[in-house]
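Undergrad: One structure coming up, written as C-alpha cells, with questions to follow.
All of the numbers you see were taken from the coordinates with simple rules; none came from a lab. Computed from a predicted structure; not experimentally measured. Ideal geometry is used to build each Cβ from the backbone, glycine not excepted, and the neighbour counts take in all protein chains shown.
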Amino acid sequence: MDPVDDPRAADTVGLPAIRVASIPHRDPYVDAVLPAGVVRVGREQGPSPWLDPAYLTAHADEVDVVHVHSGYGHLPEDEIVCFTEAIRRTGVPLVTTVHQLRDPAQALPTRHDAHLRALLATAEVVFTLTPGAADEIADRYGRTPIVVAHPSVAVPDPEGGGERGVVGLPLRSGTCMPEPAALVRAALNGAVNGGGRLRLFVEPGFVLPPLGEMAESASLELEPLDEERWAAQLQELHVAVLPQSRGTHSTELEVCRDVGTRVVAPSCGWFADQWSDVVTYGNDEEHGFDPVSLNGAVAAALTRPAPRPADRTWREQQRAAVQDVHAQVYAQVVGDRVAS
C-alpha cells in the first residue's frame, strides 16, 4: 500500500495522521508533492466530490485539509464560489497551488480568472511553482505565494537515450496551439537548418492537416503519441518543442529535464523560470506565433549538446524538500484550525 493511502501512517510523535483531500485525487504532480505522513482521502475516478458544497458539508469531519491543484475548470464560476463558501462555513482549511494563471483548455480567460479569484480569496496558503508566477499572482490577486520547485515526475531509462538531431513535436486534440501546418513547417525548417529531422507525435484521433510538400520530406517522421510511454518517447529525442500558446507551467518540461532532452518552449507563461536551460520562441496570446523564431530556436537548440538527465540524488532531495514544505503547511493550517 502507498504510505500516503495507509491510515496507519502517522508522524513520529504519535499524533494522528493529517487527512488531505487533493483535487485531483492523483496525478504525477500531486503524487510527487504529497508527504508520506498524511492520509490521502477521496475517490480515485471522476471529478472530485470535494468540489461539491453539499458533499463537503456532509463529510467535513472526514478531512483535515482540502488542497486544490486543478480539476475545476469545467465548473461554472458560481459553483466555485459556492465551494469556497462551503469551505468557510465548515472551517476546513483550504490550500491551493496555482499551476496555471491562464487555463490552456479555455479559449477565454474570464472563467479561470474568476475561479482563481474565489480560490485565492479563500485559501489559507497559496503555492506556485516559479518566482515569475508568484509576482504575477501578487500583482493580480494580492496574495503572496510560497514558491516550490516542480519536483521530479519521471525516471530515465538507463538503457535509453536521445538520438542526436531528432526534434519532437507533439500534436494533441484540444491543445491551444498555432495552426498545425504552420507549426510543423517552422519546426521542420528549424530541424533541417540545424542538421536534424522532425518527428511528429500524433495523438490518436488528432486530424493531421494536409502537409503538402512537407509530407514528402525525408526529414519528417510520424509516430503515434503513446501516453503510456510518453517519457520514453521524449527521452529518445535531442530536442522537444512545446507547442502551446497559453499556459503557465509544464509537467512535460519537467519530464524532459528528468530524462535529458532539451526543450524549446513558448514565450507564454513562466516556462523559462521553471528551467533555465530552455530555448524560447515566440508563441503567446499577446503577440501570436512567430514561425521565424521557432525556426531559429529549433536550429539553435540542435547546436547544443543534449543535457544530461537530471541528477537523481539532487532530484530526490528536491522532492523531499518540497514534501517537507507541504507537510509543514498542512500541520500549520490544521493547528490553526484547532486553536481557533
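Undergrad: To make sure I understand, if each residue's beta carbon is the centre and we count other beta carbons within 10 Å, what order do 120, 169 fall in, fewest to most?
TA: With the sparsest Cβ surroundings first, the list reads 120, 169.
Undergrad: Would you work out the charge dipole size for the chain about its Cα centre, treating the Cβ of every Lys and Arg as +1 and the Cβ of every Asp and Glu as -1, and quote it to the nearest 20 debye?
TA: Details: 27 positive and 47 negative charges, 86 e Å.
Charge dipole of the chain: 420 debye, to the nearest 20.
Undergrad: Test of understanding: ordering 87, 146 by Cβ neighbours within 10 Å, fewest first, what list do you get?
TA: Starting with the residue having the fewest Cβ neighbours, the order is 146, 87.
Undergrad: Also, quick follow-up: Suppose every Lys and Arg Cβ carries +1 and every Asp and Glu Cβ carries -1, with no other charges. What dipole size does the stretch 203-340 come out with about its Cα centre, to the nearest 20 debye?
TA: Values: 10 positive and 22 negative charges, 118 e Å.
Value, rounded to 20: 560 debye.
Undergrad: Starting at the first residue of the stretch 66-75, write each ³J(HN,Hα) from the Karplus equation 6.51 cos²θ - 1.76 cosθ + 1.60 with θ = phi - 60°, in whole Hz, x for Gly and Pro.
TA: 10, 10, 9, 9, 7, x, 10, x, 7, 7
Undergrad: Also, I was wondering about something else. If we count every other residue with Cβ under 12 angstrom of residue 245's Cβ, Lys/Arg +1 and Asp/Glu -1, where does the sum land? Display every interim value, and only then the final one.
TA: Details: positive: 102, 246; negative: 179, 284, 285, 286, 290.
My count for the surroundings of residue 245 gives -3.
Undergrad: Can you check what the net charge comes to around residue 99, using other residues whose Cβ is under 14 Å from the Cβ of residue 99 (Lys, Arg +1; Asp, Glu -1)? Write out the running numbers ahead of the final one.
TA: On the way: positive: 102, 246; negative: 27, 103, 136, 252, 254, 273.
Charge balance near residue 99 sits at -4.
Undergrad: Name the residue farthest towards the positive end of the dipole of the chain from the options 93, 182, 269, assuming +1 on Cβ of Lys and Arg, -1 on Cβ of Asp and Glu, about the Cα centre.
TA: Sorting the options by dipole projection puts first 269.
Undergrad: Quick check on the exposure proxy: order 268, 176, 256 from fewest to most C-beta atoms within 10 angstrom.
TA: The fewest-first ordering by Cβ neighbours comes to 176, 268, 256.
Undergrad: May I ask what percent, to the nearest 5, of DSSP beta bridges between residues of the chain are antiparallel? Mind showing how you got there, number by number?
TA: Details: 2 of 38 bridges.
Approximately 5 percent, going by the DSSP bridge assignments.
Undergrad: With a sphere of radius 9 Å drawn around the Cβ of residue 202, what net charge do the other residues whose Cβ falls strictly inside it have (Lys, Arg +1; Asp, Glu -1)?
TA: On the way: positive: 172; negative: 203, 223.
Summing Lys and Arg as +1 and Asp and Glu as -1 gives -1.
Undergrad: Can you tell me the dipole magnitude for the stretch 274-340 around its Cα centre, using point charges on the Cβ only (Lys, Arg +1; Asp, Glu -1), in Debye to the nearest 20? Don't skip to the answer; put the middle values down first.
TA: Details: 6 positive and 9 negative charges, 86 e Å.
Computed about the Cα centre, the dipole is about 420 debye.
Undergrad: Okay, helix-only estimate at 222 nm for the chain: each DSSP H run of n ≥ 4 adds -39500 (n - 2.57), divide by all residues, round to 500 deg cm²/dmol; what do you get? Don't skip to the end; give the middle numbers.
TA: Working: 11 runs with 124 residues, N = 340.
Calculated at 222 nm, the ellipticity per residue is -11000 deg cm²/dmol.
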